[in-house]
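The structure appears right after this line, and notes come after that.
The values are calculated or read from the model by the stated rules, or taken from the named source; none is laboratory data. Everything numeric in this text was worked out from a predicted model, so none of it was measured. Glycine also receives a Cβ, built like all others from the backbone with ideal geometry; neighbour counts cover every protein chain displayed. Remember, those area values only see protein heavy atoms, side chains included, never the ligands or the DNA or RNA. Shrake-Rupley method; radii C 1.70, N 1.55, O 1.52, S 1.80 Å.
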Amino acid sequence: MRPYRLIYVLLGWMLAGCSIPYQTPEALRQIEHDLTIPQGSVQALSQTNWCYLPYGSDHGGDGQCRAIQGLGILVGDGLILSTYSGGSYQRFITLRTSDVLCIKTFRGREAAESFFAFTRAGAAQIIPLTANGRLNTPVKIQFLDYLIGQNQPNAMGSDKSYVRDTGKKSYSASIIPGTKIPYFSSVAVTEVFNPCPEN
């Protein structure tokens, strides 16, 4: 599987828009309350879609990562990825500088694109967005600068892979449309792995 396939799936979500309130003082107060963030400590806030892939995962079994729509909230001690449901904000994961082993982008720090943060447990693909669904590059840079704050290795502009073939196959059976003829197919099973250099 090509790693870039993940990007196309996630970029499709960007066009769908997002109805998560976050731009008003009232929304900010609720975000601080719901996520137990000290008042006034938000350094950057953006509509953010992401996909979290534990190492060894096969992208949900069909080669694709399902983006989660939410918010990225940068505070002094972490980048919080939050969801919004039923009128309240929930913390999905908090990425701290000390958790991040390395970072990967495809075209570099200032490029209008998503990036990957690799921890000991998994990979998070992060897509900060503006209110109108465009890549929020200034906030992306703030997120990146925080996450590599301990001078972790970063593969800015690298094509180094984080997906590998397991050597296994996934099999399925179906019927050729318009006939009663069965057919069988197989695809290679891939998994996400940690591409960071060992310390």
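For the list (1) at pLDDT below 90; (2) open to solvent by less than 60 Å² (accessible area, probe 1.4 Å), I need the number of the one condition that D58 fails.
Failing condition for D58: (2).
Can you name the condition, by its number, that R66 falls short on among (1) in contact with a Cys (Cβ under 9 Å, 6 or more places away or on another chain); (2) surrounded by 13 or more Cβ atoms within 10 Å (Cβ to Cβ); (3) at negative phi?
(2)
Residues to consider are T97, T119, T105; find the one that is free of Cβ contacts under 8 Å to residues at least 60 places away in the same chain, surrounded by 14 or more Cβ atoms within 10 Å (Cβ to Cβ) and within 24 Å of H33 (Cα to Cα).
T97
Take the conditions at pLDDT below 90 and small (G, A, S) and apply them to A124. Does it pass?
Judged against the criteria, A124 is not a match.
Can you tell me which residue within the range 135-191, out of those that are open to solvent by 90 Å² or more (accessible area, probe 1.4 Å) and among the acidic types (D, E), is modelled with the lowest pLDDT?
That would be D159.
What are the pairs, 6+ residues apart or on separate chains, where a residue within the range 129-153 that is at positive phi has its Cβ under 9 Å from a residue that is open to solvent by less than 30 Å² (accessible area, probe 1.4 Å) and modelled with pLDDT of 90 or more?
If the second residue must be open to solvent by less than 30 Å² (accessible area, probe 1.4 Å) and modelled with pLDDT of 90 or more, the pairs left are G133/Q47.
I'd like to check something: does the range 130-137 contain any residue that is outside any loop (DSSP other than H, G, I, E, B), out of contact with any strand residue (DSSP E or B) (no Cβ under 9 Å at 6 or more places or on another chain), of a type outside the set (S, T, N, Q) and closer than 30 Å to S19 by Cβ?
No, because not a single residue in the range 130-137 is outside any loop (DSSP other than H, G, I, E, B), out of contact with any strand residue (DSSP E or B) (no Cβ under 9 Å at 6 or more places or on another chain), of a type outside the set (S, T, N, Q) and closer than 30 Å to S19 by Cβ.
Quick grid of which residues meet (1) assigned to a strand (DSSP E or B); (2) farther than 22 Å from S19 by Cα; (3) modelled with pLDDT of 95 or more:
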residue	(1), (2), (3)
Q30	no, no, yes
H33	no, no, yes
G40	no, yes, no
L53	yes, yes, no
G63	no, yes, no
R66	no, no, no
L71	yes, no, yes
I80	yes, no, yes
Y89	yes, no, yes
